[in-house]
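Q: Pasting a structure below so you can have a look.
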Amino acid sequence: MTVLDLLFPPRCPVCHGLAPVGEDFCPGCREKLPVIRTRRCRKCGKPVPAGESLCEACREGGHLFDEGLGLCLYAGSMKKTMSYLKYRGRAEYGRKLGRVLAEEEADRIAAWRPAAVVPVPVHPSRLRSRGYNQAELIAAGVSEVSGIPLRTDLIFRKKETAAMKTLSAGGRKEALRDAFSPAQGAGEAGIPGRALLVDDIYTTGATLDACAHVLRGMGVRRVYFLTVCTGGGHLARF
């Protein structure tokens with residue numbers, strides 16, 4: 001236990017109470033996570049009816065990522081969990097959720113064979129005001145469990161945008177146009193052939209498409225993604 005743990009005791013991402021020392025969750029709380037167990041879209045991972053292979057949005061158009069999914073449905077208790085992570089300073093939730101994400105999707109990660117875990121970056125002004133990038137914390141947990149290197153040196157967010165939840169699908173696409181670029185010196189440590197993007201919530205895929213666009217322009221051949229949650233919304237063509 002560190003001094004910070006004593007001053008700011010880690011909390012359970014599910015019940016938000018004090019977590020047992022050395023544990024990510026309270027006893028029984030991890031099993032309460034609303035992990036999606038139903039049939040999924042083979043492209044974006046959203047739940048689909050039996051017999052369907054693609055969700056309605058993915059049937060309407062293409063994405064720039066190859067494949068991905070969100071672990072939990074963005075509803076009920078997960079809305080509170082993600083709100084606490086992003087807006088109420090519960091930074092410790094990031095790594096905990098990232099570790100669960102990597103454990104639950106270990107087989108899929110192994111099949112994708114990414115050479116790098118790449119968090120979706122936030123704009124420097126957002127980073128200063130919040131104090132951390134929640135996607136980077138989640139990605140750090142994924143990297144820790146999977147053993148795949150964390151790469152925060154590949155993509156830079158050069159344009160600040162309004163909160164995505166306030167925008168329509170078309171608005172998201174427009175807001176994210178040219179929002180990302182290769183980070184300065186991105187090629188110095190090498191460009192991975194396969195990358196695993198990590199973010200907090202998947203809605204339309206516009207943010208992940210914008211990041212995938214930059215990665216592919218840098219020479220990344222395959223781009224996959226994992227998010228903690230999957231929400232609603234429609235495809236925003238990039």
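Q: How many residues are touching a residue at least 12 places away in the same chain (Cβ under 8 Å), under 20 Å from Val35 (Cα atoms), open to solvent by 30 Å² or more (accessible area, probe 1.4 Å) and out of contact with any Asp or Glu (no Cβ under 9 Å at 6 or more places or on another chain) when one looks only at the range 101-124?
A: The qualifying residues number 3.
Q: Let me ask something additional. For the range 2-24, indicate whether the set of residues that are among the aromatic types (Phe, Trp, Tyr) and surrounded by fewer than 21 Cβ atoms within 10 Å (Cβ to Cβ) is non-empty. Walk me through it before giving the result.
A: At the first step, the residues of the range 2-24 found to be among the aromatic types (Phe, Trp, Tyr) are 8.
From what is left, the residues that are surrounded by fewer than 21 Cβ atoms within 10 Å (Cβ to Cβ) are 8.
Looking for residues that are among the aromatic types (Phe, Trp, Tyr) and surrounded by fewer than 21 Cβ atoms within 10 Å (Cβ to Cβ), one finds at least one in the range 2-24, hence yes.
Q: Can I ask one more? Which of the residues spanning the range 208-238 are at pLDDT 95 or above and open to solvent by 10 Å² or more (accessible area, probe 1.4 Å)?
A: Those that are at pLDDT 95 or above and open to solvent by 10 Å² or more (accessible area, probe 1.4 Å): His213, Val214, Arg216, Gly217, Met218, Gly219, Arg221, Arg222, Tyr224.
Q: Take the residues in the range 75-85 that are at pLDDT 95 or above and surrounded by 15 or more Cβ atoms within 10 Å (Cβ to Cβ); name whichever of them is nearest to Cys15 (Cα to Cα). Talk me through it step by step, then tell me what you get.
A: Here is the first cut: in the range 75-85, the residues at pLDDT 95 or above are 78-85.
After this cut, where a residue has to be surrounded by 15 or more Cβ atoms within 10 Å (Cβ to Cβ) as well, the list is 78, 81-82, 84-85.
Working: Met78: 10, Thr81: 9, Met82: 12, Tyr84: 11, Leu85: 13 Å.
Here the answer is Thr81.
Q: Among the numbered criteria (1) under 29 Å from Ala186 (Cα atoms); (2) of a type in the set (A, V, I, L, M); (3) at pLDDT below 95, which single criterion is violated by Leu69?
A: Only one criterion is unmet by Leu69, namely (3).
Q: Would the range 111-126 turn up any residue that is polar (S, T, N, Q) and closer than 15 Å to Leu97 by Cα?
A: In the first step, residues of the range 111-126 are kept if they are polar (S, T, N, Q); the result is 125.
This time we only want the ones that are closer than 15 Å to Leu97 by Cα, so: none.
For the range 111-126, residues polar (S, T, N, Q) and closer than 15 Å to Leu97 by Cα: absent.
Q: What is the one condition in (1) open to solvent by 60 Å² or more (accessible area, probe 1.4 Å); (2) within 30 Å of Ser129 (Cβ to Cβ); (3) in contact with a Ser or Thr (Cβ under 9 Å, 6 or more places away or on another chain) that Cys72 does not satisfy?
A: That leaves (1) as the condition not met.
Q: Among the candidates Gly98, Gly89, single out the residue that is under 24 Å from Glu23 (Cα atoms) and open to solvent by less than 30 Å² (accessible area, probe 1.4 Å).
A: Numbers: Gly89 fails: open to solvent by less than 30 Å² (accessible area, probe 1.4 Å).
Going through Gly98, Gly89 in turn, the sole match is Gly98.
Q: Only one of (1) under 27 Å from Leu197 (Cα atoms); (2) modelled with pLDDT of 90 or more; (3) surrounded by 12 or more Cβ atoms within 10 Å (Cβ to Cβ) fails for Ala57. Which number is that?
A: (2)
Q: Residue under question is Leu127, and the condition is that it be part of a helix (DSSP H, G or I), under 23 Å from Ala210 (Cα atoms) and without any contact (Cβ under 8 Å) to a residue 24 or more places away in the chain; does it hold? Before you say what the answer is, go through the steps one by one.
A: On the way: part of a helix (DSSP H, G or I): yes; under 23 Å from Ala210 (Cα atoms): yes; without any contact (Cβ under 8 Å) to a residue 24 or more places away in the chain: yes.
So Leu127 passes the test.
The values are calculated or read from the model by the stated rules, or taken from the named source; none is laboratory data. Quick caveat: nothing in here was measured; it's all calculated off a predicted structure. Here the Cβ is made from the backbone with ideal geometry for all residues, glycine too, and neighbour counts use every protein chain on show. Calculation scope for accessible area: heavy atoms of the full protein, side chains included, ligands and nucleic acids excluded. Shrake-Rupley method; radii C 1.70, N 1.55, O 1.52, S 1.80 Å.
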